[in-house]
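Below is one structure; the comments refer to it alone.
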Amino acid sequence: MSFVHLHVRSDHSPRDAACTVDDLVSAAADDGQPAIALTDTGVMSGVPELFGACAERGIQAIAGCTVTVLGRATDTKTRHEGLGEVPLLAAGATGYRSLCEISTAGFLHGYAQGVSYVDLSVLSEHPDGVIALAGGYRSQIGASAANGELGEARHGLQRLIAALGPRNVCVELALDGSKHEQFRNGVLADLARELGLEVVATADIHYLAARDRRTYAALHALSGGISLQTAEHELATSRLEWRTAEEMRSAFAHLPQAVEATLEIAERCRLELPRSTQLPRATPSVDEDAELRRRVFDGLGERVAGTVAPAAEERAEHELRVICAARLAPYFLIVADLLKH
């Protein structure tokens, strides 16, 4: 029996991870793991890279995103009523569209201090094909469980169930090295049985190996505005590195169904993304390469007094060739229109 990591962050998570997508995919493939999810903090920018790397290594890519769920993201007075961090996975194309909507809503309506927040209502509006992992150490549910506050943890799970439905909420039993890990996971396993929810084994991955902890500590310090010494102290007992399938099976030998659940969820999350990028037409019925070239040279003429120097013309031609070869002329025209209006 193998295992699939479902809670993984890469360097696409701003100041929250010290590993690349390629390195993560290589680690999964080299260990014989059949798939890997990417659940970066608030963003999905690493998903195309994940799918490309997984295709090259012959394993399955799982699209995901870790969102910070608050009571009302636009109201600081009710933010404490939220659920904290909740990793979300895309179950098929429908789930992928839902995750894109949720992630976008976070940046449009709940962006503050470098972090995107979403209301719980946003999850309720886009529940189709979304699988939530509840109970991580950065979540309200996990923190309540660690403190022995069963009522609070239960209430958090019930709110998530109300938003997404019971089949789409799994209780995450995470390995993170904290002193509360064993107690918290025991409480969460009991709550999962009480509420009829599936338990899932995870390791909240922020870096590949123990030697990378100091690099991650530096990122943690930058993110929190604290000293490196303080960050290292805060992370002293944590283990947020990559775990092999054998390590995960051994850690959950008493609860093998939590490991099996990772494979079942991976099956639910099969998705094919097109490898090519198709941008909307910026100027319908117009040759966009020619239109971009016209605007570039019109702008160049406006910015240069007198005759345009041959070196400037040559540089403009070179950059236009690169842009047009990559089929990105529509992108530059769209951005130009946005800036203009």
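Scanning region 210-227 for residues being without any contact (Cβ under 8 Å) to a residue 12 or more places away in the chain and not basic (Lys, Arg) gives a total of 5. Would you please name the residue that is surrounded by the most Cβ atoms within 10 Å (Cβ to Cβ), looking only at residues in region 169-198 that are touching a residue at least 60 places away in the same chain (Cβ under 8 Å) and not hydrophobic (A, V, I, L, M, F, W, C)? The selected residue is GLU172. The residues of region 305-320 that are surrounded by 12 or more Cβ atoms within 10 Å (Cβ to Cβ) and farther than 15 Å from LEU333 by Cα, listed by number, are VAL308, ALA312, GLU313, ARG315, ALA316, GLU317. Residue pairs whose Cβ atoms lie under 7 Å apart, sitting 6 or more positions apart in sequence or on different chains, and linking a residue in region 310-330 that is in the same structural domain as PHE297 (by TED's automatic domain parsing) and of a type in the set (Gly, Ala, Ser) to a partner that is modelled with pLDDT under 90 and outside any helix (DSSP H, G or I), are ALA312/VAL304. Scanning region 199-232 for residues that are among the polar types (S, T, N, Q), surrounded by fewer than 20 Cβ atoms within 10 Å (Cβ to Cβ) and within 30 Å of VAL259 (Cβ to Cβ) turns up just one, THR215. Restricting attention to region 164-178, which residues are in contact with a helix residue (DSSP H, G or I) (Cβ under 8 Å, 6 or more places away or on another chain), of a type outside the set (A, V, I, L, M) and more than 27 Å from LEU208 (Cα to Cα)? Residue satisfying the conditions is PRO166 alone. Of the residues contained in region 29-37, one or more are found to be under 15 Å from the mean Cα position of the chain (by Cα), at pLDDT 95 or above and not acidic (Asp, Glu).
Which members of region 141-197 meet the condition of being of a type in the set (S, T, N, Q) and more than 22 Å from HIS5 (Cα to Cα)? Correct list: SER144, ASN147, GLN158. Within region 68-85, the set of residues being touching an Asp or Glu at 6+ places or on another chain (Cβ under 9 Å) and either among the polar types (S, T, N, Q) or modelled with pLDDT of 95 or more (or both) comprises THR68, THR74.
Inspect all residues belonging to region 126-141 and state whether any of them is within 23 Å of ILE102 (Cα to Cα), β-branched (Val, Ile, Thr) and in contact (Cβ under 8 Å) with a residue 60 or more places away in the chain. Within region 126-141 (the criterion being within 23 Å of ILE102 (Cα to Cα), β-branched (Val, Ile, Thr) and in contact (Cβ under 8 Å) with a residue 60 or more places away in the chain), the answer is yes, since at least one residue qualifies.
Criterion applied to ARG167, ARG138, ARG154, ARG97 was being farther than 19 Å from HIS12 by Cβ and either in contact with a Gly (Cβ under 9 Å, 6 or more places away or on another chain) or among the aliphatic types (A, V, I, L, M) (or both), and the one residue passing it is ARG97.
Pick from ARG213, ARG281, ARG239: which is at pLDDT below 95 and not assigned by TED's automatic domain parsing to the domain that holds ALA93? When all the criteria are applied, what remains is ARG281.
The values are calculated or read from the model by the stated rules, or taken from the named source; none is laboratory data. Nothing here was measured: the structure is a model prediction, and the numbers come from that model. Note that each Cβ is placed from the backbone with ideal geometry, even for glycine, and that neighbours are counted across all protein chains shown.
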